[in-house]
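One structure is given below, encoded as structure tokens.
The values are calculated or read from the model by the stated rules, or taken from the named source; none is laboratory data. Small disclaimer: the values here were computed from a predicted structure and weren't measured. Cβ placement follows ideal geometry from the backbone for every residue including glycine, while neighbour counts extend to all protein chains displayed.
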DNA sequence: TATTTTTTTGACAACTTGTCATTTATCGAC
DNA sequence: GTCGATAAATGACAAGTTGTCAAAAAAATA
């Protein structure tokens, strides 16, 4: 079942090579610099062969996203497994999300390109299903954390509020903050030196407002952040520091 | 100063005609259906003339956004002037934002296309400045509401939190929620019949968590929503109802 | 009316994406 | 090994894009 012929392995490897090239093209010259011709040229295959792997340009973008979604899923899974209260695990999810966006800016922006504009209509069902599946898995992780919270009694949802409301709320906040940061706004000039930190502070208010214990007044959020970095994302934290110091 | 020659008026009018056509093209066939050739064809001018108005395709998109930004600014100004507490006015801003996104889906999605991907690099400075200016005005409005809150004593910001943190937090939440809704996710199926309402509920938690009085426990958020619709956005509310019933 | 200035035009170059008949390589049977 | 059948790779091509620019047309001015 899992056995692949040499040829099949070769094809899979070539596909990966083409995706690497595509990412490099985008990294070098922005999304407009991605062209099928150029992938063919740099991979030293003909255009027809490129089209044998990807029925159209949009599918290249989807494939790039899908490949990096595995990374996101991994980060979220580790965050969810953080050894702490349900609320602390939810905070870890937020940190994981920010880490993903900052360490994979190209892939994060590609998601936006795919979802917005005219790309959606051209993608095939299989790719779309794969995408939805990953999303579902992530939503499931967060729902799990919320359920753990309600079961342990740390979280008593306000009347009229469902766990999914919470998922959507925190997801939207986190995503919105990260998307806004990809826009070339000079936040520092406006008076927002660290938008992600701002978001985190507001998020703590949100969790407080839902009465999700332990409240931030009983706990130092900054200390928690350090603990999550140290225990769950030591490598990623190092990468992040290297990135921000090099800029 | 404000006097324009007949010719100048003609040119401005033609520009508007071209933008109308561009919007129609996008509305009919998605963003990929927008082409300079087609604008020329439908406006019955030559391509060269179209390029006299817009140096490139990206500037057409920018112009569409800028035109609709005036609408957003107007909605926000009216929301900010709502006759209520500072917190209620902040809620009105959230409603204004959602109204804008739902009544102008085409323009809202165009913003995303502009900000993401390869469009940004090609726009000229003047257009960018105009964009930033509108954004600044909006941020100013929200900062004003927060300052009113702190001055009246209704809002005592948690230690280490600035008004701009709050602006960014609520902006990101609201924006993220609206962007997620433009992705073709079947929220109903997931168990989220009304994502905007979910967002609003979570937002109330956020304001509660900041201790922004009057807390939602002292006040019915649903009633407030109705009041804002009735007092500030009666026409827009009607449009929204017409839209959702027609789908 | 004649001349200068401005505006408009559409053919063009340079680039896309995606297709498909033709060529080339691979593989199993003998 | 050789041959024929099957699979894969190729690149010329059609059809579309954006953006330019010399020449034509229109408008303004003398």
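Residues in the stretch A:229-247 that are at pLDDT 95 or above and within 14 Å of residue A:197 (Cβ to Cβ): A:229, A:240. Would you pick out the residues in the stretch B:154-187 that are in a loop (DSSP other than H, G, I, E, B), at the interface with chain A (Cβ under 7 Å from one of its Cβ atoms) and either farther than 21 Å from residue A:207 by Cα or in contact with a strand residue (DSSP E or B) (Cβ under 8 Å, 6 or more places away or on another chain) (or both)? The answer is B:183, B:184. May I ask you to list the residues in the stretch A:1-16 that are surrounded by fewer than 14 Cβ atoms within 10 Å (Cβ to Cβ) and more than 12 Å from DNA strand C (Cβ to nearest atom)? The answer is A:1, A:2, A:3, A:4, A:12, A:13, A:16. Within the set A:12, A:42, A:19, A:25, the sole residue that is at pLDDT 95 or above and under 24 Å from residue A:133 (Cα atoms) turns out to be A:19. Residue B:149 passes every criterion in (1) surrounded by fewer than 23 Cβ atoms within 10 Å (Cβ to Cβ); (2) more than 12 Å from chain A (Cβ to nearest Cβ) apart from (1). Residues in the stretch A:188-215 that are in a helix (DSSP H, G or I) and more than 8 Å from chain B (Cβ to nearest Cβ): A:188, A:189, A:196, A:197, A:200. Screening the candidates B:165, B:154, B:208, B:148 for the property of being under 27 Å from residue A:220 (Cβ atoms) and in contact (Cβ under 8 Å) with a residue 12 or more places away in the chain yields one hit, B:154.
So which residues in the stretch A:117-136 are in a helix (DSSP H, G or I), at pLDDT below 75 and within 18 Å of residue A:53 (Cβ to Cβ)?
So the first thing to find is which residues in the stretch A:117-136 are in a helix (DSSP H, G or I), and the list is A:120-122, A:125-136.
Next, from what is left, pick out any that are at pLDDT below 75: A:120-122, A:125.
Correct list: A:122, A:125.
Across the stretch B:49-68, the qualifying residues are those that are crowded, with 19+ Cβ neighbours inside 10 Å and within 13 Å of another protein chain (Cβ to nearest Cβ), and the one among them that is nearest to DNA strand C (Cβ to nearest atom) is B:58. Inside the stretch A:17-48, can you point out the residues that are away from chain B (no Cβ under 14 Å), within 13 Å of DNA strand D (Cβ to nearest atom) and either loosely packed, with under 15 Cβ neighbours inside 10 Å or under 19 Å from the mean Cα position of the chain (by Cα) (or both)? Residues satisfying the conditions are A:37, A:41, A:44, A:46, A:47, A:48. Figure legend. Inter-residue proximity from the stretch B:44-65: first residues within 14 Å of residue B:22 (Cβ to Cβ), second residues modelled with pLDDT under 95 and within 7 Å of DNA strand D (Cβ to nearest atom), beta-carbon distance below 7 Å, spacing 6+ or different chains. Indicated pairs: B:56/B:122; B:58/B:122.
In the stretch B:131-144 there is no residue that is within 8 Å of chain A (Cβ to nearest Cβ) and buried (at least 22 other Cβ atoms within 10 Å of the Cβ).
Restrict the check to the stretch A:72-85 and report whether at least one residue is in contact (Cβ under 8 Å) with a residue 12 or more places away in the chain, surrounded by 14 or more Cβ atoms within 10 Å (Cβ to Cβ) and under 29 Å from residue B:31 (Cα atoms). The answer is yes; a qualifying residue exists.
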